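The values are calculated or read from the model by the stated rules, or taken from the named source; none is laboratory data. The model shown is predicted, which means the values in this text are computed figures rather than measured ones. Here the Cβ is made from the backbone with ideal geometry for all residues, glycine too, and neighbour counts use every protein chain on show.
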Amino acid sequence: MTTLVPLTINTTISPPFSALFTLDGEVYSGSALWNITAQRFYFQLQDQGGNVVWNGALVGSPTGFDIELAPGVFTRSTILYREDTGNFEVTP
């Protein structure tokens, strides 16, 4: 089963996006921050202890092709951002 989490950017708060994600049965905090030098969003996942487990460019997956965020970090779960729908997709 895939869980969809909409990427809703609010430029009046910092970070402009944050949500909780369940990956490999654990809850992680995900946030997107704008990088002014790269002119793009970066996505960060933190465990409940505040430790960063993954940080990288927020790369959008096109329809019909998956580009995983946090590759190799989780054993059972995957997370990606589907650019055309504006949703994160988390499985299982």
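Which pairs have Cβ atoms under 9 Å, sit 6 or more apart or on different chains, and link a residue in segment 71-85 that is farther than 22 Å from residue 8 by Cα and hydrophobic (A, V, I, L, M, F, W, C) to one that is modelled with pLDDT of 95 or more and part of a loop (DSSP other than H, G, I, E, B)?
73/24; 74/24
Restricting the search to segment 57-77, which residues are touching an Asp or Glu at 6+ places or on another chain (Cβ under 7 Å), surrounded by 14 or more Cβ atoms within 10 Å (Cβ to Cβ), of a type outside the set (S, T, N, Q) and not in a strand (DSSP E or B)?
Answer for segment 57-77, where residues must be touching an Asp or Glu at 6+ places or on another chain (Cβ under 7 Å), surrounded by 14 or more Cβ atoms within 10 Å (Cβ to Cβ), of a type outside the set (S, T, N, Q) and not in a strand (DSSP E or B): just 74.
Output the residues belonging to segment 78-92 that are assigned to a loop (DSSP other than H, G, I, E, B) and surrounded by 15 or more Cβ atoms within 10 Å (Cβ to Cβ).
83
Inspect segment 43-52 for any residue being aromatic (Phe, Trp, Tyr) and under 11 Å from the mean Cα position of the chain (by Cα) and give the result as yes or no. Break it down into steps so the answer makes sense when it comes.
Here is the first cut: in segment 43-52, the residues aromatic (Phe, Trp, Tyr) are 43.
Now restrict to residues that are under 11 Å from the mean Cα position of the chain (by Cα): 43.
Taking every residue of segment 43-52 in turn, at least one turns out to be aromatic (Phe, Trp, Tyr) and under 11 Å from the mean Cα position of the chain (by Cα).
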